[in-house]
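The values are calculated or read from the model by the stated rules, or taken from the named source; none is laboratory data. For clarity, every value in this text was computed on a predicted model and none was experimentally measured. Cβ: placed from backbone, ideal geometry, glycine included. Neighbour counts: every protein chain shown. SASA here: full protein model, heavy atoms, side chains in, ligands and nucleic acids out. Shrake-Rupley method; radii C 1.70, N 1.55, O 1.52, S 1.80 Å.
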Amino acid sequence: MSNDAPPANRIAVNGSGTGQWTAARLSAKRAFAFLGTPQWTPSRVTQAISPVFVGDIGFAALNGQTTSAILKTADGRWKVVANLTGQVLALGFSSDRVGAVITEQQGEMNAGSTSVPITYRILQTKDGGASWRVVWQLRTRAVDGVDPETPSIAMFGTVGYATVHGELLRTSDAGSTWSKVPLAQTVFDAAATSPTDLWLSEAAPRSGASAGSPSPVDLVHSTDGGKTFRTLVRTPAMLPWEANVAVSASGTGVWLVKDAGSWETRVWWTTDAGRSWQTVVPPAYQGRVAQSVPVISGDTAYIGLCPYAAPFPGGVTSFDLRTGKVSTLAVIPSWYAVALAHAPNGTWYAAPSSSQPTGLYQSAAGFTDWRRVAPVSPPDVQVVADPALGSSATPALVGVDQDGFQGAVEVSADGGASWRVMARLPGQLPIAVAAGPGKSLVVASVHALPNGDVKLHLWVSRDGGSHWRDLGAGSLPDGLTQDLTPGACAVALSMRQGTYTLAIGAYPQNVVLTSSDGLHWQVRSSTPNAAVLSQPVFDQGALWWLEEQVSRPGSKKGNQSVPPLERPILVDEAGAKPKQLLLPEGYDALAMAWSGKNGWVFCTSAAQMDPAKRLTLWVTHDGGSTWTSRDLVTPPGAVRPEQIQSLSMVGGAFGALLTDCGLLVTRDGGWVWRYAGT
């Protein structure tokens with residue numbers, strides 16, 4: 001690599017290159033590599049697809065930014081059985097072996113273009129989801145705006161129906177081939193209850209909020225497999241935002257149509273297979289019930305979003321088709337669009353989009369108690385390596401996880417390949433974990449009270465995680481304004497010589513708190529922080545802060561603004577006067593770990609957010625006096641993480657790097673990092 005800035009603190013900068021993916025070759029080329037296949041972690045999941053069931057066998061999907069995973073269960077435990085390119089939009093199965101999915105894959109927008117190239121595919125499986133082949137494909141372009149179309153797929157033996165990009169498709173050979181059903185209008189949604197019984201929500205071509213062209217929306221019904229249709233309901237002309245339909249085999253049904261022009265939602269429902277319909281226009285903002293496709297159970301439709309005003313907290317709403325009564329069953333603030341599913345055994349599942357790490361959830365009791373059932377590992381908040389629960393060469397990994405409802409403390413004895421839950425923290429969200437003397441472990445968690453107050457808890461184990469004790473709700477110093485919720489701060493925890501220390505990197509200040517009992521906390525130090533989020537790391541008695549320092553202020557050259565140039569700075573708080581170490585400018589700091597004289601710092605080059613930015617690992621073996629750089633090389637097929645949650649090391653050889661793509665482990669000092677389990 002090149003470095004235009006003069007090195008500080010005798011930083012040694014070596015050249016980088018490519019080569020075979022072995023530690024020896026990488027060492028010679030001053031590079032490091034990520035190898036293996038990443039696991040599906042909550043941080044990787046952007047959306048889940050609600051499950052479908054064939055008897056006791058269930059199938060679902062998890063979506064990432066560009067790839068997706070197919071899930072399968074036969075015993076209540078969901079497992080990944082296949083990885084697909086693109087995002088799954090809908091799935092359906094006719095047996096425990098034969099099924100199909102619709103996927104979407106977006107390309108890159110060309111300069112000056114107003115549309116994004118997009119490819120829709122239907123893939124078929126004949127072995128229960130283990131392998132898939134493309135059987136239908138459509139390349140088109142998507143424009144900015146609201147798309148009212150809800151892709152769907154339903155399978156009945158050899159017959160199946162799919163709706164994608166406004167088209168209705170039909171198969172008569174169990175999904176091996178698909179043909180377009182000729183229709184004069186654009187299909188928004190479909191519900192099939194048998195091989196011949198089909199309900200469509202449709203409107204004139206190019207109508208909807210994106211096109212800006214008002215049009216009536218029709219609910220039509222076919223009893224001959226799509227050969228002929230009869231119009232049941234027609235709306236006034238509108239700009240349809242959503243037009244979702246759900247019909248049960250017993251003849252109850254609901255149709256939800258939302259107008260982007262007036263923001264009104266019209267609801268039609270039937271209890272006699274469509275012979276008669278009732279309708280209502282809910283009050284303002286209750287129209288948000290049209291966000292998700294209803295799921296009908298008996299005479300009640302369940303919808304995965306609560307009818308609340310802004311900021312629209314998610315949850316579960318019921319709509320009684322006999323009385324027309326709408327009831328809010330649960331409110332979950334981080335859910336903003338939820339697809340529901342009802343298993344044959346009575347279990348409810350929720351697949352939410354979320355501002356927090358998301359996945360597939362199961363309701364254990366009613367609709368208020370939810371538990372994430374996929375993905376379940378590795379932890380998504382923080383992981384530390386603990387040699388006391390293993391060895392220096394093979395330390396145990398201890399991590400904390402949160403799913404929006406409860407926290408968990410997990411341990412792995414095989415380098416992150418498998419995890420065991422040691423403790424659950426109902427109603428609390430963990431923010432940090434630390435290993436103490438011997439087999440001691442401590443976890444810091446927060447509990448948000450209904451009045452908005454946040455209480456800090458410490459959970460302590462003295463026997464390696466077999467038994468845990470909650471020390472109680474801590475009393476934080478007056479005036480502490482930091483947001484302690486996960487994701488809003490960077491936290492490090494330490495337990496040494498009877499003292500608990502908590503370092504919090506947050507806005508508007510970085511704070512170090514100490515306590516002798518885990519209940520009463522005092523401020524040891526406080527420094528203003530109005531820029532980049534500082535990251536603290538404990539190394540036995542030392543506390544390091546990873547920050548960024550502006551080495552060249554921003555400027556203007558002509559009509560263009562030149563952003564400021566920054567460099568990572570490490571601050572050691574030990575002693576009366578903090579020691580500062582500088583790395584070369586032009587890097588964004590990501591994560592740091594220390595173990596005695598050994599230290600690692602992950603950075604990404606090009607602080608101006610260059611799309612081609614590289615990861616660089618800076619290594620020191622003398623406490624920071626000299627540093628060596630290693631640039632990331634990308635072997636074919638390797639997956640590079642976009643976000644780093646935590647970094648932990650033992651000695652100078654073992655390290656655990658928790659990322660949005662899963663956990664990476666190194667055993668050779670950071671030359672080769674492999675995704676756990678590969």
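Determine which member of the set 523, 537, 550 is among the β-branched types (Val, Ile, Thr) and either closer than 18 Å to residue 592 by Cα or assigned to a loop (DSSP other than H, G, I, E, B) (or both).
Values: 523 fails: either closer than 18 Å to residue 592 by Cα or assigned to a loop (DSSP other than H, G, I, E, B) (or both); 550 fails: either closer than 18 Å to residue 592 by Cα or assigned to a loop (DSSP other than H, G, I, E, B) (or both).
Of the residues listed, the single one that is among the β-branched types (Val, Ile, Thr) and either closer than 18 Å to residue 592 by Cα or assigned to a loop (DSSP other than H, G, I, E, B) (or both) is 537.
Quick one: would you say residue 331 is crowded, with 24+ Cβ neighbours inside 10 Å and more than 30 Å from residue 74 (Cβ to Cβ)?
Details: crowded, with 24+ Cβ neighbours inside 10 Å: no; more than 30 Å from residue 74 (Cβ to Cβ): yes.
It is false that residue 331 is crowded, with 24+ Cβ neighbours inside 10 Å and more than 30 Å from residue 74 (Cβ to Cβ).
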### Check on residue 408, touching a Phe, Trp or Tyr at 6+ places or on another chain (Cβ under 9 Å) and not charged (D, E, K, R)
no
#### Entry: Of residues in region 665-677 being open to solvent by 20 Å² or more (accessible area, probe 1.4 Å) and within 22 Å of the chain's Cα centre (by Cα), the one modelled with the lowest pLDDT
677
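For (1) crowded, with 23+ Cβ neighbours inside 10 Å; (2) over 20 Å from residue 321 (Cα atoms); (3) at pLDDT 95 or above, each residue gets a yes or a no:
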| site | (1), (2), (3) |
| --- | --- |
| 219 | yes, no, yes |
| 229 | no, yes, yes |
| 238 | yes, yes, no |
| 254 | yes, no, no |
| 259 | yes, yes, no |
| 265 | yes, no, no |
### Residues within region 364-398 that are under 24 Å from residue 47 (Cβ atoms) and open to solvent by less than 40 Å² (accessible area, probe 1.4 Å), tallied
11
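Going residue by residue through region 442-451, is there one that turns out to be in a loop (DSSP other than H, G, I, E, B) and among the small types (Gly, Ala, Ser)?
So the first thing to find is which residues in region 442-451 are in a loop (DSSP other than H, G, I, E, B), and the list is 449-451.
Pick out the ones that are also among the small types (Gly, Ala, Ser) and you get none.
Within region 442-451, not a single residue is in a loop (DSSP other than H, G, I, E, B) and among the small types (Gly, Ala, Ser).
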### Task
Test residue 458 against the criterion of being of a type outside the set (D, E, K, R) and in a loop (DSSP other than H, G, I, E, B), and give yes or no.
no
### Scope region 566-580; condition surrounded by 21 or more Cβ atoms within 10 Å (Cβ to Cβ) and either at pLDDT below 85 or charged (D, E, K, R) (or both); matching residues
566, 567, 568
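Can you pull out every residue in region 53-108 that is of a type in the set (A, V, I, L, M) and loosely packed, with under 14 Cβ neighbours inside 10 Å?
Answer for region 53-108, where residues must be of a type in the set (A, V, I, L, M) and loosely packed, with under 14 Cβ neighbours inside 10 Å: just 74.
Just the residues that are closer than 30 Å to residue 141 by Cα and among the aromatic types (Phe, Trp, Tyr), please, taken from region 53-108. Give the steps one after another, and end with the answer.
Start the filter on region 53-108 by keeping residues that are closer than 30 Å to residue 141 by Cα, which leaves 59-71, 82-93, 99-108.
Scanning region 53-108 gives 59, 93.
Going through region 113-145 one residue at a time, which ones are part of a loop (DSSP other than H, G, I, E, B) and either at pLDDT 95 or above or surrounded by 14 or more Cβ atoms within 10 Å (Cβ to Cβ) (or both)? Talk me through it step by step, then tell me what you get.
Step one: of region 113-145, the residues part of a loop (DSSP other than H, G, I, E, B) are 113-114, 126-132, 144-145.
Within region 113-145, 126, 127, 128, 129, 130, 131, 132 qualify.
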### Query
Which residues, taken from region 328-346, are part of a loop (DSSP other than H, G, I, E, B), free of Cβ contacts under 8 Å to residues at least 60 places away in the same chain and over 20 Å from the mean Cα position of the chain (by Cα)?
346
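Matching residues to (1) under 20 Å from residue 644 (Cα atoms); (2) hydroxyl-bearing (Ser, Thr, Tyr); (3) part of a loop (DSSP other than H, G, I, E, B):
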{"site": "357", "(1), (2), (3)": "yes, no, yes"}
{"site": "364", "(1), (2), (3)": "no, no, no"}
{"site": "371", "(1), (2), (3)": "no, no, no"}
{"site": "392", "(1), (2), (3)": "no, yes, yes"}
### Summary
residue 196 passes all but one of the listed conditions (1) outside any strand (DSSP E or B); (2) at pLDDT below 95; (3) not hydrophobic (A, V, I, L, M, F, W, C); the exception is number (2)
### Query
Are any residues in region 267-285 part of a strand (DSSP E or B) and open to solvent by 30 Å² or more (accessible area, probe 1.4 Å), and if so, which ones?
278, 279, 280
### Query
For region 168-189, which residues satisfy the criterion of being touching a Leu at 6+ places or on another chain (Cβ under 8 Å), of a type outside the set (Phe, Trp, Tyr) and open to solvent by 20 Å² or more (accessible area, probe 1.4 Å)?
179, 180, 183
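In region 650-664, what count of residues is obtained for those that are in a strand (DSSP E or B), open to solvent by 10 Å² or more (accessible area, probe 1.4 Å) and small (Gly, Ala, Ser)?
Residues flagged as in a strand (DSSP E or B), open to solvent by 10 Å² or more (accessible area, probe 1.4 Å) and small (Gly, Ala, Ser) within region 650-664 amount to 0.
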#### Entry: Number of the condition not met by residue 523 [criteria: (1) open to solvent by less than 30 Å² (accessible area, probe 1.4 Å); (2) closer than 19 Å to residue 431 by Cβ; (3) in contact (Cβ under 8 Å) with a residue 40 or more places away in the chain; (4) in contact with a Pro (Cβ under 9 Å, 6 or more places away or on another chain)]
(1)
### Task
Name every residue in region 462-499 that is open to solvent by less than 50 Å² (accessible area, probe 1.4 Å), of a type in the set (Gly, Ala, Ser) and free of Cβ contacts under 8 Å to residues at least 40 places away in the same chain, in order of residue number.
488
#### Entry: Single residue of 632, 647 found to be closer than 20 Å to residue 380 by Cα, part of a strand (DSSP E or B) and of a type outside the set (Phe, Trp, Tyr)
647
### Message
If residue 637 satisfies all but one of (1) at negative phi; (2) open to solvent by 50 Å² or more (accessible area, probe 1.4 Å), what's the number of the condition it fails?
### Response
(1)
### Subset of region 150-167 that is open to solvent by less than 20 Å² (accessible area, probe 1.4 Å) and of a type in the set (Gly, Ala, Ser) - its residue that is nearest to residue 49 (Cα to Cα)
162
### Task
Within region 635-644, work out how many residues are farther than 17 Å from residue 663 by Cα and in contact (Cβ under 8 Å) with a residue 40 or more places away in the chain.
1
